[in-house]
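In what follows, a structure is listed as structure tokens, so that the remarks can point back to it.
The values are calculated or read from the model by the stated rules, or taken from the named source; none is laboratory data. Please read these numbers as outputs of a predicted model, since none were measured by experiment. When we count neighbours, we look across all protein chains shown, and the Cβ atoms used for this are built from the backbone with ideal geometry, even at glycine. Keep in mind that these areas ignore ligands, DNA and RNA; they rest on the heavy atoms of the full protein, side chains included. Shrake-Rupley method; radii C 1.70, N 1.55, O 1.52, S 1.80 Å.
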Amino acid sequence: MTRYRFGPAQQGGATRFRLYAPDTASVALEVEGAAPLAMEKDEAGFFTAEREGLAAGLRYRFRIGEGEGSVAVPDPASRGQAEDADGWSLVPETSHPPVPGPPRPWHEAIIAEVHVGTATPEGTFRALIDRLDHYREAGFTVLELMPVADFAGRRNWGYDGVLMYAPDTAYGTPADLRALVEAAHERGLGMMLDVVYNHFGPSGNYLPVYAKSFFRGDIATPWGPAIDLENETVRAFFSENAAYWLAEFGFDGLRFDAVHALATKGAETFLREIAAACRAVNPGAYLVLENHDNIAGWMTRDDHLYTAQWNDDWHHAFHVLASGEGTGYYAPYAADAVAAAGRALSQGFVFQGEPYPGEGGHPRGTASGGLAPDAFVAFAQNHDHIGNRPLGDRLAGTLAQERLAFLRFVLMLSPEIPLLFQGEEALLDKPFPFFCDFEGELAEAVRKGRRSEFADFFDAHGAEFPDPLSEATFHSAKLTAADFRTPKAHAELDAFRRLADQRRRLVWRLTAGAYLGSEWSRNEEALRVAWHYEAGTLIMVLNAGPEPALIDPLTGIAGMPAGASLGGVIHEADGRVTLAPFAAAVWSLATA
């Protein structure tokens, strides 16, 4: 059994409790129905106590200090809470080895990003089990859950977690989450979890009361003082947590939120330690970064650190092409979105050390052309790019059908790993606005912050602006089975299934082997991209413009029917191909 430095652990008939509290002289363990027990402090700042014969589910907490000034706090490594994040923690059940996931190679990943609270009307782990067949039958091979670590209140996107080891009680119990992962594995689905290690949420975090060394007061972040990753104990708290989700729940991989926001000098050491801890549990774990800095070195196969990175560059370039929006964080891609799309398709990152307009011209990124395409996760939408719009509106509610189909075709039949947000497989237009459940001054601060972020929209359309604290805003995002039963949803789901089948047939047989490199060219708004593998070459042509476009002769495939196509694709006598607006085609050529 894995031995953890943080949180409760069963040892024979006893339960051992530990708390890292270097800034206090006394801590008492309080177990419901028993007298407080003074804990012993060691030189490293850990307090320890043991209790015999405690049943799983008993409530416990820690009391910091003595007398009137003492404070009762939850276990920061609680495995589960009785109620909300600031209340009693629960003695955990004895853990059992989880059922292993399917041995599916990463290049076969087709990911559905899922928010547990809105993926079903009930919003629970158990209810999501009943929807797993939908995802499997649609063609997905992996579900990626948005963060589930315990947060304050009953509803949240998940990025305000404060108890990193405890699944939020709004979704169910740890046993419920294990059942969900096991049920997914029984259906051949991999399971990933989004984890947040760059900050704690603004409500329910008691670490500053007794462990100020978790933070650097001299380094500010948007969430407050930076987490001190130069402190080995702090790094271990998070790297153990990452390994915990894999070892105790059977997750097949993790997505690490916004690692570019890790603000102290220990960040690189931290990322290496996390990868090592995860690979010690599961050498083949899917470890995926979100990293605005675009550092290709994290994904080199020789180092076996991280599997892939979310590719915002891909999203931004194609969003500009399909929607015409070119302001905000889309502005750096708007000057030549076709060139940006060509580079994103063929090399992953658009910015590979060039000056980045949104950051005062500072260089952004490193060379990524040598990485295999499956080192990148691509998406036309995700939770951020839907929920960070004023109304939380999806592309399905605003874009013409031909442009939606174009985005899905390119996403699903290019070799980067595709990710779709829940419901996108059926092109549902249900919104996913930002929501949370804070109280008092914090709630009002969130309200004002959202209005300030979208001040122009709020001034013009204030009545339409969703209140992030309203339960109605949360409920507006919930998916129901009926949403998928409309004729339009049926048709779009069938179209997505065909794309998933075509990806299996045309893409996987090449991406299973070694990657050799890529090339791309353009003619006005049209692109030709070729990805070379030991097993053959994948060629895609696409027209991202509103007028027909010609592509130069396609070596070796002149006149050859495409393996898959969208819209008007005409072979000309001279070998060129004419593409209708927002048309595309793919050829999968095996090596002779």
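Structure values in brief
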| item | result |
| --- | --- |
| ASP228, ASP303, ranked by accessible area, largest first (probe 1.4 Å) | ASP303, ASP228 |
| Computed helical MRE - 222 nm, the chain, DSSP H runs ≥ 4 contributing -39500 (n - 2.57), nearest 500 | -7500 deg cm²/dmol |
| Average accessible surface area per residue within segment 6-49, 1.4 Å rolling probe, Å² | 42 Å² |
| Segment 502-592 - percent of accessible surface contributed by carbon and sulfur, probe 1.4 Å | 54 percent |
| Reciprocal of mean inverse Cα separation for segment 185-277 (Kirkwood radius, Å) | 14.2 Å |
| Summed residue charge, Cβ within 12 Å of GLY567's Cβ, Lys/Arg positive, Asp/Glu negative | 0 |
| Percent breakdown of C-alpha pair distances by 10 Å bin, ordered from the shortest bin, for segment 56-145 | 13, 27, 29, 19, 8, 3 |
| FRET efficiency, 1/(1 + (r/R0)^6) with R0 41 Å, evaluated for ARG509 and ASP456 via beta carbons | 0.25 |
| 20 °C / 1.002 mPa s Stokes-Einstein diffusion coefficient of segment 127-267, Kirkwood radius on C-alpha pairs, µm²/s | 133 µm²/s |
| Only Lys, Arg (+1) and Asp, Glu (-1) charged, at Cβ; the chain dipole about Cα centre in debye | 1160 debye |
| Cα-centred dipole magnitude for segment 10-72, charges only on beta-carbon of K, R (+1) and D, E (-1), debye, nearest 20 | 240 debye |
| Solvent exposure of segment 360-473 as accessible area per residue, Å², 1.4 Å probe | 37 Å² |
| Dmax and Rg, reported as Rg then Dmax, of segment 1-84 (C-alpha, Å) | 12.4, 40 |
| Approximate spin-label separation THR48-VAL99, in nm, with each point projected 7 Å along Cα-to-Cβ | 3.7 nm |
| FRET efficiency for ARG187 and GLU439, using Cβ-Cβ distance with R0 set to 25 Å, rounded to 0.05 | 0.05 |
| Volume in Å³ per residue [convex hull over Cα atoms, computed for the chain] | 153 Å³ |
| Segment 270-358 pair-distance distribution - Cα-Cα, 10 Å bins, rounded % | 17, 41, 24, 16, 2 |
| Of all accessible heavy-atom area on segment 1-54, the percent that carbon and sulfur account for (1.4 Å) | 49 percent |
| Rounded tilt (10° steps) of 440-453 against the dominant C-alpha axis of the chain | 20 degrees |
| Segment 194-314 - accessible surface per residue (Å², probe 1.4 Å) | 33 Å² |
| Potential extension, ALA25-GLU230 segment - 0.36 nm per residue separation minus Cα distance | 71.4 nm |
| Length-normalised contact order for segment 283-392 - Cα pairs under 8 Å, 6+ apart - percent | 28 percent |
| Segment 376-457, accessible surface, carbon-and-sulfur percent (1.4 angstrom probe) | 48 percent |
| Leading residue at positive end of dipole, segment 436-575 (Cβ point charges), from PHE496, TRP508, GLY462 | TRP508 |
| Label-zone membership for segment 394-413, site SER323, 7 angstrom Cα→C-beta point, backbone N under 19 Å | 394-412 |
| Relative counts (whole %) of C-alpha pair distances in segment 490-573, using bins that are 5 Å wide | 3, 12, 20, 22, 21, 15, 7, 1 |
| Extension gain, ARG498 back to THR486 (0.36 nm per residue minus Cα-Cα distance, nm) | 2.5 nm |
| Heavy atoms of THR398 accessible to a 1.4 Å probe, total area in Å² rounded to 10 | 90 Å² |
| Farthest positive-ward along the chain dipole, Cα basis, beta-carbon charges - from VAL31, ALA14, PHE434 | ALA14 |
| Stretch gain in nm, segment ALA280-GLN10, where the contour uses 0.36 nm per residue and the Cα spacing is subtracted | 95.0 nm |
